[in-house]
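Peer 1: Please find one structure pasted underneath; my questions will follow.
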Amino acid sequence: MKFNNRQFGELEFEENHVVTFPEGLIGFERHRKFLIVDDEATEPFRWLVSVEDGKLSFPLLDPGLLLPGYAADAATGGGKTVFVVATLRAAGGSSTVNLRSPIVIDNAARTARQVVLDDEGLPLQFPLAPAAKTAAER
């Protein structure tokens with residue numbers, strides 16, 4: 001199958017690559033079918049790209065890069081991948097990730113959901129700048 005995405009142009013994929021969100025994403029409940037797209041130019045970010053709307057995509061990040069152990073806490077059981085959604089700002093802006101509402105993907109079933117964690121200590125807007133500096137210092 002093929003479709004056009006504003007960010008990546010024409011993308012070709014197989015139906016078994018689609019990740020289905022039965023409940024949609026918070027604020028985007030009508031959009032349920034997505035691909036996870038790798039883009040070398042924006043690593044370590046990956047992209048959640050709607051196959052239903054060529055203008056809709058979200059930058060994702062492995063939360064383990066920011067907080068070791070976070071993914072283990074957010075996903076219960078094996079065979080799951082956890083991402084957090086990023087808000088990327090232009091140079092000088094403060095890019096953040098939402099640690100409170102991760103996306104949990106069941107790799108075998110190719111289904112996912114965005115969960116809201118009860119931990120009020122996890123911010124909706126966790127700044128990326130300090131984490132980037134820490135990673136660069138290693």
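Each value in this text was obtained by applying a stated rule to the coordinates, not by laboratory testing. All values reported here derive from a predicted model rather than from experimental measurement. All Cβ positions, even for glycine, are placed from backbone atoms using ideal geometry, and neighbour counts span all protein chains on display.
Peer 1: Please find, within the range 9-27, the residue that is nearest to Leu60 (Cα to Cα) out of those that are surrounded by fewer than 15 Cβ atoms within 10 Å (Cβ to Cβ) and of a type in the set (A, V, I, L, M, F, W, C).
Peer 2: Filtering first and then ranking leaves Ile26.
Peer 1: List the pairs whose first member sits in the range 22-48 and is of a type in the set (Ser, Thr, Tyr), whose second member is part of a strand (DSSP E or B), and whose Cβ atoms are under 8 Å apart, counting only residues at least 6 apart or on separate chains?
Peer 2: Once the first residue is of a type in the set (Ser, Thr, Tyr) and sits in the range 22-48, its partners that are part of a strand (DSSP E or B) give Thr42/Pro59.
Peer 1: So which of Arg89, Arg100 ends up being under 23 Å from Pro127 (Cα atoms) and buried (at least 16 other Cβ atoms within 10 Å of the Cβ)? Quick ask: steps written out before the conclusion?
Peer 2: Working: Arg89 fails: buried (at least 16 other Cβ atoms within 10 Å of the Cβ).
One residue alone meets the criteria, Arg100.
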